[in-house]
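The values are calculated or read from the model by the stated rules, or taken from the named source; none is laboratory data. Quick caveat: nothing in here was measured; it's all calculated off a predicted structure. Cβ: placed from backbone, ideal geometry, glycine included. Neighbour counts: every protein chain shown. Ligands, DNA and RNA are excluded from the accessible area calculation, which covers all protein heavy atoms including side chains. Shrake-Rupley method; radii C 1.70, N 1.55, O 1.52, S 1.80 Å.
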Amino acid sequence: MLGFATTFLRPGGFAGNARQWVRPILGDGVVRLPYPESGDSAIDERDIADTPAPVLLAGPGGPHDGTAPTLKGPESPARRQEVQILADALGREVRIDPVSHDEARAFMTATMPPFVTDSLLEYWAAADGRPDQITDAVESVTGRPARTFATWAREIAVPLTVG
């Protein structure tokens, strides 16, 4: 039997999930946010896309064979800070309206299954007031640092929103 070396690239939360805040920022400028102080090391989807090629090009026995790097952003701003970063990139004022767990569950289940809503709310509650783990996995694999949330907001979110 042949043995195969494997590398499992495990991305964390995607920066693109922050697109949900664009409409309220551009609308009334109010973002309803549960657990606004929960840390988030969102990863730019381009960083996810950039990581498989170096792993594959290294071939069998490469430095990442048998590993499972967790791909995360290079910083862990609170979700409140991410909303502000996105609003700044859009050139808009924003106000954060903190909402309770139950209020958030009520409006989130309108667009996603309850098990996803509950999982997200539990994750944010556990991270409330604490930074999220960051890793250097993107840099370790690609040779360059992961992009920041602000870079994602300027280069991806805004052009897609206004372009």
Handout entry: Residue check, Asp88 of a type in the set (Asp, Glu), closer than 16 Å to Ser38 by Cβ and surrounded by fewer than 18 Cβ atoms within 10 Å (Cβ to Cβ)
Key = no
Practice task
Output yes when any residue across region 122-137 is modelled with pLDDT of 95 or more, in a loop (DSSP other than H, G, I, E, B) and in contact with a helix residue (DSSP H, G or I) (Cβ under 8 Å, 6 or more places away or on another chain), and no when none is.
Solution key: no
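Considering each of Pro98, Pro113, Pro36, Pro52 in turn, give the residue that is open to solvent by 70 Å² or more (accessible area, probe 1.4 Å) and not aliphatic (A, V, I, L, M).
Working: Pro113 fails: open to solvent by 70 Å² or more (accessible area, probe 1.4 Å); Pro36 fails: open to solvent by 70 Å² or more (accessible area, probe 1.4 Å); Pro52 fails: open to solvent by 70 Å² or more (accessible area, probe 1.4 Å).
Residue meeting the stated conditions: Pro98.
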Practice task
Hand me the list of helices (runs of 4 or more DSSP H) wholly inside region 32-119 holding 1 or more residues that are under 30 Å from Phe4 (Cβ atoms).
Solution key: 45-50, 52-58
Exercise for the section: Output the number of the condition that Thr117 fails; it satisfies all remaining conditions of (1) at pLDDT below 95; (2) in contact with a helix residue (DSSP H, G or I) (Cβ under 6 Å, 6 or more places away or on another chain). Expected result: (1)
Problem - Members of region 138-163 that are buried (at least 18 other Cβ atoms within 10 Å of the Cβ) and assigned to a loop (DSSP other than H, G, I, E, B) - result: Ala146, Arg147
Exercise for the section: Go through region 69-85 and give me each residue that's out of contact with any Leu (no Cβ under 7 Å at 6 or more places or on another chain), open to solvent by less than 60 Å² (accessible area, probe 1.4 Å) and farther than 15 Å from Asp136 by Cβ. Expected result: Pro77, Ala78, Glu82, Ile85
Practice task
Please enumerate the residues belonging to region 120-137 that are polar (S, T, N, Q) and surrounded by fewer than 17 Cβ atoms within 10 Å (Cβ to Cβ).
Solution key: Gln133
